[in-house]
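Here's the structure we're looking at; comments come further down.
Since every read-out is calculated from the coordinates, none of them should be taken as a lab result. No experiment lies behind these values; they were computed from the predicted model shown. No Cβ is skipped: glycine too gets one built from the backbone with ideal geometry, and neighbour counts run over all protein chains shown.
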Amino acid sequence: MSRNGSGRWRLGLMVAVALAIATSAPATAQQLGLPRHEVLTISGEILFAKSAYGRRVIDEIEAEGALLAAENERIIAELSREELDLTERRAKMEPDAFRVLAEAFDRKVQSHRENQEAKREALARRGDAARAAFVELTRPILGALMRDTGASVILDRSTVFFSLDSTDVTALAISRIDEVIGDGSALRKDGKN
């Protein structure tokens, strides 16, 4: 073999090795059935709502909201009966005595409104805290998904004007999140997330 032929052979081998190395990562992602894009999209709302973690949190918040609504209806019924009783007693009372009772009743109604609003706000804060915890728990999972697909960024679909459907990895992300953290109940320390 001539020196020139040997050099071409080595050059050809180096090019073949370089091509094999350069194309091995995409082939791995494709072999795994993963999209291969620099930019991926995800629906944050769907990610939370359809994950086992999100469904558990949503179910718990809705159940507590229903209990709060039932409590509110019960208190309103009691206050309505008390108001009716006070109205019926008015004709038999001195105006000053009635005014004292009416003002006390108004304070009671206002206190009820404030207490119920505080409970609703606490429930909303708990939901917000659970969403924030979910984001933190899913960061490493989404990071691994980015590495596996060769992506450098994941954007929320709501901020993207137009994209290919193949860039959306929401379902894949949900599958991985459910596999790693499930509904999150095993991770709960205070019983609140």
With 0.36 nm assigned to each residue of separation and the Cα-Cα distance removed, SER175 to ASP59 gains 39.8 nm
Compute the Cα gyration tensor for the range 40-111, then decide on rounded, prolate or oblate, letting a ≥ b ≥ c be the square roots of its eigenvalues: rounded whenever a/c is under 1.5, prolate when a/b is larger than b/c in the other cases, and oblate in all that remain.
prolate
How big is the range 125-172 by the Kirkwood estimate over distinct Cα pairs, in Å?
12.3
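How much net charge surrounds ASP156 when only other residues with a Cβ under 14 Å from its Cβ are counted (Lys, Arg +1; Asp, Glu -1)?
Neighbour charge sum, excluding ASP156 itself: 0.
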In nm², what is the average projected area of the convex hull enclosing the Cα atoms of the range 55-193?
12.9
Label point distance in nm, ILE76-VAL160, each placed 7 Å from Cα along Cα→Cβ:
4.3
Can you compute the FRET efficiency between ALA91 and ASN115 using 1/(1 + (r/R0)^6), with r the Cβ-Cβ distance and R0 = 25 Å? Round to the nearest 0.05.
0.20
List every residue whose amide H lies under 5 Å from the amide H of THR41, counting only residues 5 or more places away in sequence or on a different chain, with H placed 1.01 Å from N in the peptide plane.
LEU155, ASP168, VAL169
Provide the gained length on full extension for the span VAL100 to ARG126, in nm with one decimal, where the gain is 0.36 nm per separating residue minus the Cα-Cα distance.
5.5 nm
Most packed first (mean Cβ within 10 Å per residue), the peptides 137-143, 78-84 order as 137-143, 78-84
